[in-house]
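Working notes for the structure below.
Derivation of every value follows stated rules applied to the coordinates shown; laboratory data play no part. Bear in mind that the values here come from a model prediction, so they are computed numbers and not experimental data. Positions of Cβ are generated from backbone atoms using ideal geometry, with glycine treated the same way; all protein chains shown enter the neighbour counts.
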Amino acid sequence: MKVVRVNHTGVTVSDIERTSAFFRDVLGFTVTEPVQHSGDYVSRLHGVFNATVKIAFCSGGGHTIELIQYVNPEPRSAIARRHNEPGFMHVALLVEDIDVAARALTTAGFELFSEPQVVLAGPRKGGKNVYARDATGLILELQQAPPS
């Protein structure tokens, strides 16, 4: 097998309009209008019986995020997975100023796991990282490069 490139990262959200607006208005991504899909194909593809989904694509920073909202069946509430649990996933965004970006996330309704932390070892030593989660369960990591 040969991977040509990473096409996108998909994340299931509870409110596609709210999350699309966040990617567009806060992060400056280009966002497609949500499109609804249903039928046997969608149910087989997603492995969810009688699935109806809304899908939007958010592109920015050289990557595309696919947002998926289930219309049917009703989704369960967001699970607040912890970092040490299998299935925990996040999207990491490299930002110029992590403190400014962290404030923008909190203003947009995200909860920071901590204040930005200085990386103590490895190739990113001296840089900063912080994780944040919004009410829908979307987890983002902000990263600031080490000083040059």
Compute the angle between helix 98-107 and the longest alpha-carbon principal axis of the chain, please, reported from 0 to 90 degrees and rounded to the nearest 10. 40
If you work out Kirkwood radius over Cα pairs in Å from the coordinates, which of (1) 16.7; (2) 16.1; (3) 15.3 do you get? (1)
What's the magnitude of the charge dipole for segment 9-72 around its Cα centre, counting Lys and Arg as +1 and Asp and Glu as -1 at the beta-carbon? Answer in Debye, nearest 20. 80
Which net charge results when you count Lys and Arg as +1 and Asp and Glu as -1 among the other residues whose beta-carbon is under 14 Å from that of E17? -1
The chain: longest stretch without exposed trypsin sites (Lys or Arg not before Pro) (DSSP loop, at most 15 other Cβ within 10 Å), sites themselves excluded? 6-75
Charges at C-beta only: +1 for Lys and Arg, -1 for Asp and Glu. How large is the resulting dipole of segment 91-144 about its Cα centre, in Debye rounded to 20? 180
Using Cα pairs closer than 8 Å and at least 6 residues apart in sequence, work out the relative contact order for segment 9-72, in percent. 41
Does segment 10-91 classify as rounded, prolate or oblate by the C-alpha gyration tensor (a ≥ b ≥ c root eigenvalues; a/c under 1.5 gives rounded; else a/b over b/c gives prolate, otherwise oblate)? oblate
To the nearest 20 debye, the chain has a Cα-centred charge dipole, built from +1 on Lys and Arg Cβ and -1 on Asp and Glu Cβ, of 480
